[in-house]
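What follows is a set of notes on a single structure, which appears directly below.
The values are calculated or read from the model by the stated rules, or taken from the named source; none is laboratory data. Keep in mind that what you see is a predicted model, and the values were worked out from it rather than measured. Note that we place each Cβ from the backbone using ideal geometry, even for glycine, and neighbour counts take in every protein chain shown.
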Amino acid sequence: MPFLIVDQLSKKYPNDNTNALKGISFSMLKGEIVAVVGPSGCGKSTLLNLIEYLDLPTSGKILVNGKPVGDYGPAHTFRSKMVGFVFQYHHMVSGMTLAENVAAPLIAQGVGKLERRRRALEHLENVGLGHRAHFLPNLVSGGERQRAAVARALITSPSIILADEPTGNLDSSAGEAVFKLMLAQSRLNGSTVIIATHNLAIAAMADRIIQMRDGELISPV
Ligand SMILES: Nc1ncnc2c1ncn2[C@@H]1O[C@H](COP(=O)(O)OP(=O)(O)O)[C@@H](O)[C@H]1O
Ligand SMILES: [Mg+2]
């Protein structure tokens with residue numbers, strides 16, 4: 001059975017005269033890594049936001065492990081239990097060290113401070129940043145901040161990783177390094193991964209590519 005099912009998903013924003021998503025459907029197996037590609041404005045971020053349960057579709061549904069996302073409880077519960085997110089910009093809190101930033105998602109899970117710290121250090125080691133754990137985000141490079149964002153997304157061992165243009169803000173070699181790391185860590189964790197990108201070299205590293213245009217899928221899924 002597919003782990004993630006997107007079924008006839010449509011989204012129309014208020015005050016928008018076209019639909020951002022026009023009834024798209026696809027499914028993914030557990031642990032599969034899919035790249036969603038397409039020009040700016042085609043609906044990639046809208047799709048990821050709906051899967052993350054940040055926003056609601058106008059029609060259609062999303063099932064995770066056979067259950068509609070709404071059945072997992074409040075949106076924040078679904079997110080904190082099931083989803084890790086890597087953004088284009090790292091969204092690190094500037095007054096907190098990398099270790100504190102990486103540990104932050106564990107607070108919502110009720111993990112104690114010592115255990116949070118231990119796991120943050122372990123995850124920073126996993127992305128080659130053990131030596132940067134106690135640095136503030138603005139004292140490390142853009143690539144290092146994005147690697148820390150990967151560690152933060154994975155610290156809860158989420159079933160789903162959503163990455164929206166995760167390398168968009170980096171030069172191509174740093175971007176590729178971050179991307180490879182994200183894939184390797186996600187594979188180790190068995191996460192199901194969706195990456196929105198317009199970098200085709202990066203998309204080619206996924207198991208499968210889904211192409212979008214104007215709110216529709218244009219490649220076989
Ligand atoms: N909050 C919003 N309110 C109104 N329109 C939006 C909003 N977010 C996105 N859109 C519109 O929805 C369409 C898809 O946008 P988006 O999902 O951001 O595409 P992409 O991530 O592929 O660039 C675009 O036409 C965009 O202008
Ligand atoms: Mg986008």
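Table for the structure above
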{"item": "Contacts under 8 angstrom Cβ, first residue in region 121-150 being free of Cβ contacts under 8 Å to residues at least 24 places away in the same chain, partner surrounded by fewer than 16 Cβ atoms within 10 Å (Cβ to Cβ) and outside any loop (DSSP other than H, G, I, E, B), 6 or more apart", "result": "Leu121/Gly130"}
{"item": "Qualifying residue in region 82-105 (condition: touching an Asp or Glu at 6+ places or on another chain (Cβ under 8 Å), without any contact (Cβ under 8 Å) to a residue 60 or more places away in the chain, farther than 25 Å from Gly142 by Cα and not polar (S, T, N, Q))", "result": "no"}
{"item": "Residue that is farthest from ligand 1 (Cβ to nearest atom), among those in region 28-51 that are aliphatic (A, V, I, L, M) and in a helix (DSSP H, G or I)", "result": "Ile51"}
{"item": "Lone unmet requirement of (1) touching a residue at least 60 places away in the same chain (Cβ under 8 Å); (2) more than 26 Å from Ala20 (Cα to Cα) for Ser173", "result": "(1)"}
{"item": "Where a residue in region 187-215 is under 17 Å from Ile155 (Cα atoms) and its partner, wherever it lies, is among the acidic types (Asp, Glu), with Cβ under 9 Å and at least six apart", "result": "Thr192/Glu32; Val193/Glu32; Val193/Asp207"}
{"item": "Close pairs from region 13-41: first farther than 23 Å from Ile202 by Cβ, partner within 9 Å of ligand 1 (Cβ to nearest atom) and of a type in the set (Asp, Glu), Cβ under 8 Å, at least 6 apart", "result": "Thr18/Asp214; Lys22/Asp214"}
{"item": "Residue in region 154-166 that is in contact (Cβ under 8 Å) with a residue 12 or more places away in the chain, surrounded by fewer than 21 Cβ atoms within 10 Å (Cβ to Cβ), within 16 Å of ligand 1 (Cβ to nearest atom) and among the aliphatic types (A, V, I, L, M) present", "result": "no"}
{"item": "Considering residues of region 186-201 that are aliphatic (A, V, I, L, M) and under 19 Å from Gly43 (Cα atoms) only, the residue surrounded by the most Cβ atoms within 10 Å (Cβ to Cβ)", "result": "Ile195"}
{"item": "So Gly41, is it on the phi > 0 side of the Ramachandran plot, within 13 Å of ligand 2 (Cβ to nearest atom) and surrounded by fewer than 20 Cβ atoms within 10 Å (Cβ to Cβ)", "result": "yes"}
{"item": "Count of residues meeting criterion [more than 13 Å from ligand 2 (Cβ to nearest atom), in contact with a Ser or Thr (Cβ under 9 Å, 6 or more places away or on another chain) and of a type outside the set (Ser, Thr, Tyr)] in region 12-38", "result": "13"}
{"item": "Test: Gly70 is on the phi < 0 side of the Ramachandran plot and either touching a strand residue (DSSP E or B) at 6+ places or on another chain (Cβ under 9 Å) or aromatic (Phe, Trp, Tyr) (or both)", "result": "yes"}
{"item": "Those residues of region 168-202 which are on the phi > 0 side of the Ramachandran plot and in contact with a Leu (Cβ under 6 Å, 6 or more places away or on another chain), in sequence order", "result": "none"}
{"item": "Evaluation of Leu114 against (1) touching a helix residue (DSSP H, G or I) at 6+ places or on another chain (Cβ under 9 Å); (2) over 29 Å from Ile62 (Cα atoms) (one fails), failing number", "result": "(1)"}
{"item": "Residue in region 10-20 that is farther than 19 Å from Leu54 by Cβ and not in a loop (DSSP other than H, G, I, E, B) present", "result": "no"}
{"item": "Enumeration of residues in region 12-38 that are within 13 Å of Asp214 (Cβ to Cβ) and either surrounded by 14 or more Cβ atoms within 10 Å (Cβ to Cβ) or at pLDDT 95 or above (or both)", "result": "Asn19, Ala20, Leu21, Lys22, Gly23, Ile24, Gly38"}
